[in-house]
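These notes concern the structure reproduced below.
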There are 2 protein chains.
Amino acid sequence: MAQLLRVQNFMVSSDGVAAGENQSLENPFGLDGAERLFSWAGATASWPNRTDPGGSRGLDDYFARDFRNNIGAEIMGRNKFGPQRGPWQDHQWRGWWGEEPPFRTPVFVLTHHPRPSITLSDTTFHFVDADPATALELAREAAQGKDVRLGGGVTTVREFLDADLVDTLHVAVAPVKLGTGLRLWDSPDELLDRFHLDVVPSPSGVTHHLLWRK
Amino acid sequence: MAQLLRVQNFMVSSDGVAAGENQSLENPFGLDGAERLFSWAGATASWPNRTDPGGSRGLDDYFARDFRNNIGAEIMGRNKFGPQRGPWQDHQWRGWWGEEPPFRTPVFVLTHHPRPSITLSDTTFHFVDADPATALELAREAAQGKDVRLGGGVTTVREFLDADLVDTLHVAVAPVKLGTGLRLWDSPDELLDRFHLDVVPSPSGVTHHLLWRK
C-alpha cells in the first residue's frame, strides 16, 4: 500500500481564503471571523478539541474523524506552530497547541531556524530546514508505513502542490466570502488537470471538496 | 468516550432490500444482481477485498475506509458467517471469509449452536448463543475501549434496532429496485423518531444515509 500525503479538514472561504496576512499570538489565523470557517467541525462528535460530550455524527463527522485515520506523521509550516518569525527568541514557549496537541504522531515543522525537538504528550515536534521533497521523506520514514498528513498552513499546502507531492485533499469550503487574505485557490478548477474532484454539499452549509490524484 | 455500536457500509436497494431469502454456499446474498448493491464500494481504493492498486479516493472512499476506523470488535449473525442452518455438520469449513478475513478483530457470531472459536490470520470468530444485549456486552469488553461494528446481516441489524442498541448507521442505498427479499426498512423515515438523518448523494449513484441516535 502506498504511503499517501493527505491534506485533511483544510478550511477555506467561498473565495478560497484560508488565512489572513496579520497572524499574531492572539489571532492565530490573522482573520476576522475565522470561526465561521471552522464552526462545522466544532459541531461534530469527533472534533479533537471538543470538551463536552455530544456533537453530530452525520456527514461532517466522517471527515472530522478521518483526521487521524491511518496517519503516522504530520508536516506543517512554521506559522502553524507559532506566530514568531526569524530566529527563535524564547524556547520556553512551546507552540499554540497546549500540553495535549491533537496530532499524536511525530510532527515536522518546516523552518529556516531549527531548534531541539519538543515532546508534548504523544506528539513530538521536530524542526527541520528542508525542501518539501526532503521533508516528506523524513515524515514518511517516521510514519512507519502509514500516511502523512500535510497540515498547512495555506502557504505550505501551496508549496507541496507546486512540487506535485500531494496525493489527496479534503477542503471544506464555508459559505462566507472573505475577500482578502492568503488563498488556497481562486477556484478548485485550477487543480483539475492533476486531480479528480468530488463536490459534496453538507447539511451544515459547508461544501466538502475531495480531490485525489489522477 | 462512549463505545458506540456502529453499522457501516450496509448496502440496500432503493426499496430497502439487503438480502434474498434463498441464501446458499454459491449465492451468499441469496439475491440475483447483488453486485449492483456493492459495485460502488468495490470501486474505492480502500475496499478491504481489493486486489489491484488504484480505485477512487472520493466520497465513497471515505465510507469504505471508515470500516475499520476505531473498531475493536464485530458482531454478526450466523448467516454472515456461512449458509448452514441447524447444528454444525462440518467443522472443517471455516466460513465464507477465506484465510485473511477483512475484520481483523474479534468477531462474535450469533448462533444457537456454539462451536469452538476459530482464528484466521488476525480475526478470531467466537460463536455465542446470546441475546443482543449480552452479545454487545461481550463485544464491548473484547473491543478494549474501541467501538463495536454491527456487521449484519439484515435480520441481525433489525434485532439490534428493535432492542434499541444501535448508535449509528451508515446505509448505502443503491439506485436499483429489487422487489422481494429481506428488508432493512420500507423507508428510512421509520427511524426518524430515534435517529437524526443526513442523506448524501454520491457521484457513483448510491445515496449514503447516515443516522445517529437523538
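With respect to the stated conditions, A:HIS91 fails to be away from chain B (no Cβ under 14 Å), modelled with pLDDT of 90 or more and open to solvent by 20 Å² or more (accessible area, probe 1.4 Å). When each of B:VAL166, B:VAL176 is tested for being out of contact with any Ser or Thr (no Cβ under 9 Å at 6 or more places or on another chain), in a loop (DSSP other than H, G, I, E, B) and β-branched (Val, Ile, Thr), the lone residue that passes is B:VAL166.
Condition check ((1) at pLDDT below 95; (2) more than 14 Å from the chain's Cα centre (by Cα); (3) among the basic types (Lys, Arg)) across all residues:
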site: A:THR119; (1), (2), (3): no, yes, no
site: A:VAL128; (1), (2), (3): no, yes, no
site: A:PRO132; (1), (2), (3): no, yes, no
site: A:LEU136; (1), (2), (3): no, yes, no
site: A:GLU141; (1), (2), (3): no, yes, no
site: A:VAL148; (1), (2), (3): no, no, no
site: A:VAL171; (1), (2), (3): no, no, no
site: A:GLY181; (1), (2), (3): yes, yes, no
site: A:LEU184; (1), (2), (3): no, no, no
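Residues considered: B:ARG36, B:ARG65, B:ARG85. Of these, the only one that is of a type in the set (Lys, Arg) and touching a Pro at 6+ places or on another chain (Cβ under 9 Å) is B:ARG36.
Which of the following residues is within 14 Å of chain A (Cβ to nearest Cβ), closer than 30 Å to A:ASP198 by Cα and open to solvent by 30 Å² or more (accessible area, probe 1.4 Å): B:GLY54, B:GLY58? Before the answer, list the steps.
Working: B:GLY58 fails: open to solvent by 30 Å² or more (accessible area, probe 1.4 Å).
Exactly one of B:GLY54, B:GLY58 is within 14 Å of chain A (Cβ to nearest Cβ), closer than 30 Å to A:ASP198 by Cα and open to solvent by 30 Å² or more (accessible area, probe 1.4 Å), namely B:GLY54.
Take the conditions (1) free of Cβ contacts under 8 Å to residues at least 60 places away in the same chain; (2) more than 9 Å from chain B (Cβ to nearest Cβ); (3) over 16 Å from A:VAL12 (Cα atoms); A:PHE29 misses just one of them, which is (3).
Here is the figure for region B:2-43: residues that are modelled with pLDDT under 90 and on the phi > 0 side of the Ramachandran plot total 2. May I ask you to list the residues in region A:191-209 that are among the polar types (S, T, N, Q) and either in contact (Cβ under 8 Å) with a residue 40 or more places away in the chain or facing chain B (nearest Cβ under 8 Å) (or both)? Answer for region A:191-209, where residues must be among the polar types (S, T, N, Q) and either in contact (Cβ under 8 Å) with a residue 40 or more places away in the chain or facing chain B (nearest Cβ under 8 Å) (or both): A:SER202, A:SER204. Checked against (1) away from chain B (no Cβ under 14 Å); (2) open to solvent by less than 30 Å² (accessible area, probe 1.4 Å), A:SER117 meets all criteria but (2).
Within region A:77-87, being surrounded by 15 or more Cβ atoms within 10 Å (Cβ to Cβ) and out of contact with any helix residue (DSSP H, G or I) (no Cβ under 9 Å at 6 or more places or on another chain) holds for A:PHE81, A:GLY82, A:PRO83.
The values are calculated or read from the model by the stated rules, or taken from the named source; none is laboratory data. Predicted, not measured: the structure shown is a model, and the values here were computed from it. Don't worry about glycine lacking a Cβ; one is built from the backbone with ideal geometry, like all the others, and counts go over all protein chains shown. These area figures cover heavy atoms from the full protein model, side chains too; ligands, DNA and RNA do not enter into them. Shrake-Rupley method; radii C 1.70, N 1.55, O 1.52, S 1.80 Å.
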